[in-house]
């Protein structure tokens, strides 16, 4: 099938070692097989990154992909995905980002950026429609992301450009550095900013002035109107998302007894009212902000105008931040959480993993595995927000004890000692987000099997509660179904929130994901697309990601939940007394639902062949991976 | 005799449906007939998409569950994702 719109049609390939810029036509096979966004990154990660490549070597490839709807007038069409081999986990890495940068890249004429090699000195890319320059970045190196964005705008002399950059954390190869776009939007997870830093690539600035053609304009407009009507009339997207963003989840998770508190020692934070959505709104919320073409405006913009942290201004926080820098560290000082968010954005750190490693260090301190002598004088008692803020800076610049945490959980455990491994709450090297699996067992099994380490966005269900009352076999089928559904926005280039789980009912989610998104794609690209075809692509993406990890040696053993969840009962809150006691049942059911072999964790041959992945199955065999 | 029970709203449902900061409301029903979760939902006239789950005396409850005198009904908003 040849596409007639939706896509810009070009791939921009940059070799930083050779200082070479090439343009290629976007491959029809890639479009047909993987659609875009996370689909593109998954396949190109498999094809382009040698299995033995060190994530920080020039061999690693940084892939930035938009989807066919990115930058179109489809609502919430802001998204782009960054993929590479992760320096945090050593397996598949990717991060998804909103804002305005992705649409600008598309408007400049590119669906995909593929960045190889390593520049001998620091550089930034300036993409101005057809003109692409690799520019010296020596004046930018060492600057925060905000400073970098301002300076590049001055360099270029155009305030309307879009910039994605790394901060000191990415430059210093902190393993969980993100890429910051439009000042406050992060491609946060799995260390994609670290990969950018390893390539001496400080930023990618873009100006795009082209439109995006669509094949059937009237059909496309009709589909846009339908989805716009749904988004602006649904309680979830018209009121809850704009009014609360994601911050209402703080109260909710705490009420359910699952809000990560003091490094997952309990699921109930008794000071929650000091850091919840009400406290944020009443004290610090200045405005709400929307990404490209989105009516939901779920981003918070907060200002601290009094007290110790006066002058803090930050795009955020998400609920995730309130937990990571709040309850997870025993911290009930909301202004300090906003300051921590601001610092992480400026230094280019994933606020989630940063909070995760700090909480880990705090528990080691509590248990006597770390002392003030080890931490360079920092008192890491729970809730000591001055220490938290200082430690964020020490991590970003890899100073003193900050350097111990900057390399992630594995290296920190080596440094602190084996006993500390009990308190490193991670899966495949990445920390789980906020919601304790002991409090919602079926839903949060997802952390064990997500392709990029403990993650909540690979499987997200509409109405997570109902899964809890399902029979395990049925529940795992449902998890697998939701895994495919929430992949659809990722490959189309739109936002998961309004297109999937923020809906008044599962029926509305189905209508958006399985009827309207295919209709948008079909009318934009001028190719046949329906619910079955888009679900097939989603399944293919998940299998390709799994195969990428299997080829690196990942087996069923790496699909686990930390011992704390399996052995320790929650000591307080609604889920008091609960431990994770359904793991084996869930794992067996999920593997069966996915068509993976129970023993090896590798997709079965028939599963791969049904998905049209004969070539990947053969390649796995060449790498001595057993396909049954 | 009738029945008297407590309804507790969580998260963003609190400010919309409760006059108390803790989100707790006492409901008194004057007649002795069965009063179900569905009846309660009708009484509050919830908007589609607001309610994620209802917990009756610590057990997840379906719409046909009958509320008894002295029960605690906890109402959580819908959520997905996080």
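The values are calculated or read from the model by the stated rules, or taken from the named source; none is laboratory data. Since the structure is predicted, the reported quantities are computational estimates derived from the model, not experimental observations. Every residue, glycine as well, gets a Cβ built from its backbone with ideal geometry; the counts of neighbours run over all protein chains shown.
For residue A:307, all conditions in the list (1) surrounded by 18 or more Cβ atoms within 10 Å (Cβ to Cβ); (2) more than 12 Å from chain B (Cβ to nearest Cβ) hold save one; what is the number of the exception?
Status for residue A:307: all satisfied but (1).
Pick out the one residue from A:216, A:234 that is touching a helix residue (DSSP H, G or I) at 6+ places or on another chain (Cβ under 7 Å), within 12 Å of chain B (Cβ to nearest Cβ) and farther than 30 Å from residue A:149 by Cα. Lay out the reasoning, then the answer.
Values: A:216 fails: within 12 Å of chain B (Cβ to nearest Cβ).
None of the others qualify; the one that does is A:234.
Of the residues A:175, A:210, which single one is touching a helix residue (DSSP H, G or I) at 6+ places or on another chain (Cβ under 7 Å) and under 20 Å from residue A:99 (Cβ atoms)? Give the derivation first.
Working: A:175 fails: under 20 Å from residue A:99 (Cβ atoms).
Residue meeting the stated conditions: A:210.
Which of the residues spanning region B:24-49 are under 30 Å from residue A:230 (Cα atoms) and either buried (at least 17 other Cβ atoms within 10 Å of the Cβ) or more than 10 Å from chain A (Cβ to nearest Cβ) (or both)? Spell out how you get there, then give the answer.
Within region B:24-49, the subset under 30 Å from residue A:230 (Cα atoms) is B:37-49.
Correct list: B:37, B:38, B:39, B:40, B:41, B:42, B:43, B:44, B:45, B:46, B:49.
Quick grid of which residues meet (1) under 26 Å from residue A:94 (Cβ atoms); (2) out of contact with any helix residue (DSSP H, G or I) (no Cβ under 8 Å at 6 or more places or on another chain); (3) crowded, with 24+ Cβ neighbours inside 10 Å:
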position	(1), (2), (3)
A:473	no, no, no
A:478	yes, no, no
A:490	yes, no, yes
A:506	no, yes, no
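Select from region A:355-377 the residues that are in a loop (DSSP other than H, G, I, E, B) and either under 17 Å from residue A:262 (Cβ atoms) or within 28 Å of the chain's Cα centre (by Cα) (or both) and list them in ascending order. Explain how you work it out, then say what you get.
At the first step, the residues of region A:355-377 found to be in a loop (DSSP other than H, G, I, E, B) are A:367-377.
Passing the criteria: A:367, A:368, A:369, A:370.
Residue by residue, here is whether (1) surrounded by fewer than 24 Cβ atoms within 10 Å (Cβ to Cβ); (2) within 14 Å of chain B (Cβ to nearest Cβ); (3) under 19 Å from the mean Cα position of the chain (by Cα); (4) over 26 Å from residue A:108 (Cβ atoms) holds:
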{"site": "A:166", "(1), (2), (3), (4)": "no, no, yes, no"}
{"site": "A:174", "(1), (2), (3), (4)": "no, no, yes, yes"}
{"site": "A:181", "(1), (2), (3), (4)": "no, no, yes, no"}
{"site": "A:193", "(1), (2), (3), (4)": "no, no, yes, no"}
{"site": "A:199", "(1), (2), (3), (4)": "no, no, no, no"}
{"site": "A:222", "(1), (2), (3), (4)": "yes, no, no, yes"}
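Would you mind stating whether residue A:164 is under 27 Å from residue A:410 (Cα atoms) and either in a helix (DSSP H, G or I) or not assigned by TED's automatic domain parsing to the domain that holds residue A:495 (or both)?
Numbers: under 27 Å from residue A:410 (Cα atoms): no; either in a helix (DSSP H, G or I) or not assigned by TED's automatic domain parsing to the domain that holds residue A:495 (or both): yes.
In short, no.
So that you can scan it fast, the table gives a plain yes or no per residue for (1) farther than 30 Å from residue A:218 by Cβ; (2) assigned by TED's automatic domain parsing to the domain that holds residue A:122; (3) in contact with a helix residue (DSSP H, G or I) (Cβ under 6 Å, 6 or more places away or on another chain); (4) surrounded by fewer than 24 Cβ atoms within 10 Å (Cβ to Cβ):
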| position | (1), (2), (3), (4) |
| --- | --- |
| A:20 | yes, yes, no, yes |
| A:33 | no, yes, no, yes |
| A:54 | yes, yes, no, yes |
| A:75 | no, yes, yes, no |
| A:83 | yes, yes, yes, no |
| A:93 | yes, yes, yes, no |
| A:99 | no, yes, no, no |
| A:106 | no, yes, no, no |
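Taking region A:609-628 as the region of interest, how many residues are within 26 Å of the chain's Cα centre (by Cα) and part of a helix (DSSP H, G or I)? Explain how you work it out, then say what you get.
Of region A:609-628, the ones within 26 Å of the chain's Cα centre (by Cα) are A:611, A:613, A:616.
Imposing the further condition that a residue be part of a helix (DSSP H, G or I) reduces the set to A:616.
Within region A:609-628, residues that are within 26 Å of the chain's Cα centre (by Cα) and part of a helix (DSSP H, G or I) number 1.
Where in region A:409-526 are the helices (runs of 4 or more DSSP H), entirely inside, with at least 1 residues that are within 14 Å of chain B (Cβ to nearest Cβ)?
Hits in region A:409-526: A:446-449, A:464-468, A:472-492, A:496-499, A:506-510.
Identify the single condition in (1) part of a strand (DSSP E or B); (2) crowded, with 23+ Cβ neighbours inside 10 Å that residue A:296 does not satisfy, given that it satisfies every other one.
The one condition residue A:296 does not meet is (1).
Have a look at A:39, A:102, A:5, A:83 and point out the one that is in a loop (DSSP other than H, G, I, E, B) and touching a residue at least 40 places away in the same chain (Cβ under 8 Å). First the steps, then the outcome.
Values: A:39 fails: in a loop (DSSP other than H, G, I, E, B); A:102 fails: in a loop (DSSP other than H, G, I, E, B); A:83 fails: in a loop (DSSP other than H, G, I, E, B).
When all the criteria are applied, what remains is A:5.
Restricting to region A:130-161, give me the number of residues that are assigned to a helix (DSSP H, G or I) and more than 26 Å from the chain's Cα centre (by Cα).
Just the residues of region A:130-161 that are assigned to a helix (DSSP H, G or I), to begin with: A:145-156.
Those left that are additionally more than 26 Å from the chain's Cα centre (by Cα): A:151, A:153-156.
Final tally of qualifying residues: 5.
Sort out which residues of region B:50-73 are facing another protein chain (nearest Cβ under 8 Å) and outside any loop (DSSP other than H, G, I, E, B), and write them in order of number.
Within region B:50-73, B:52, B:53, B:60 qualify.
Just checking, which of A:213, A:229 is free of Cβ contacts under 8 Å to residues at least 24 places away in the same chain and outside the structural domain of residue A:512 (by TED's automatic domain parsing)? First the steps, then the outcome.
Details: A:213 fails: free of Cβ contacts under 8 Å to residues at least 24 places away in the same chain.
Exactly one of A:213, A:229 is free of Cβ contacts under 8 Å to residues at least 24 places away in the same chain and outside the structural domain of residue A:512 (by TED's automatic domain parsing), namely A:229.
In this structure, is residue A:464 in contact with a strand residue (DSSP E or B) (Cβ under 7 Å, 6 or more places away or on another chain) and either surrounded by 22 or more Cβ atoms within 10 Å (Cβ to Cβ) or under 30 Å from residue A:549 (Cα atoms) (or both)?
Values: in contact with a strand residue (DSSP E or B) (Cβ under 7 Å, 6 or more places away or on another chain): no; either surrounded by 22 or more Cβ atoms within 10 Å (Cβ to Cβ) or under 30 Å from residue A:549 (Cα atoms) (or both): yes.
So residue A:464 does not fit the description; no.
Counting only residues that are farther than 24 Å from residue A:177 by Cβ and in contact (Cβ under 8 Å) with a residue 24 or more places away in the chain, how many does region A:296-326 have?
Summing the residues that are farther than 24 Å from residue A:177 by Cβ and in contact (Cβ under 8 Å) with a residue 24 or more places away in the chain in region A:296-326 gives 6.
Across region B:58-76, which residue is nearest to residue A:251 (Cα to Cα) among those that are surrounded by fewer than 17 Cβ atoms within 10 Å (Cβ to Cβ) and within 11 Å of the chain's Cα centre (by Cα)?
Per the criteria, the residue is B:72.
Residues that are farther than 30 Å from residue A:327 by Cβ and either in contact with a helix residue (DSSP H, G or I) (Cβ under 7 Å, 6 or more places away or on another chain) or outside the structural domain of residue A:256 (by TED's automatic domain parsing) (or both): does region A:556-577 have at least one? Reasoning before the result, please.
So in region A:556-577, the residues farther than 30 Å from residue A:327 by Cβ come out as A:556-557.
From what is left, the residues that are either in contact with a helix residue (DSSP H, G or I) (Cβ under 7 Å, 6 or more places away or on another chain) or outside the structural domain of residue A:256 (by TED's automatic domain parsing) (or both) are A:556-557.
Checking region A:556-577: at least one residue is farther than 30 Å from residue A:327 by Cβ and either in contact with a helix residue (DSSP H, G or I) (Cβ under 7 Å, 6 or more places away or on another chain) or outside the structural domain of residue A:256 (by TED's automatic domain parsing) (or both).
Which of the following residues is modelled with pLDDT of 90 or more and touching a strand residue (DSSP E or B) at 6+ places or on another chain (Cβ under 7 Å): B:70, B:33?
Details: B:33 fails: touching a strand residue (DSSP E or B) at 6+ places or on another chain (Cβ under 7 Å).
None of the others qualify; the one that does is B:70.
Those residues that are within 24 Å of residue A:342 (Cα to Cα) and out of contact with any helix residue (DSSP H, G or I) (no Cβ under 7 Å at 6 or more places or on another chain), I need them from region A:263-282; list them, please.
Matches in region A:263-282: A:271, A:278, A:281, A:282.
Give region A:178-207 a look and list any residue that's in contact with a helix residue (DSSP H, G or I) (Cβ under 6 Å, 6 or more places away or on another chain) and part of a strand (DSSP E or B), or say none.
A:179, A:180, A:181, A:203, A:205, A:206
Condition check ((1) at pLDDT 95 or above; (2) not assigned by TED's automatic domain parsing to the domain that holds residue A:499; (3) not in a helix (DSSP H, G or I)) across all residues:
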site	(1), (2), (3)
A:219	yes, yes, no
A:222	yes, yes, no
A:240	no, yes, no
A:246	no, yes, yes
A:254	no, yes, no
A:257	no, yes, yes
A:264	yes, yes, yes
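Scan region A:255-265 residue by residue and report those that are surrounded by fewer than 24 Cβ atoms within 10 Å (Cβ to Cβ) and away from chain B (no Cβ under 14 Å).
Those that are surrounded by fewer than 24 Cβ atoms within 10 Å (Cβ to Cβ) and away from chain B (no Cβ under 14 Å): A:262, A:265.
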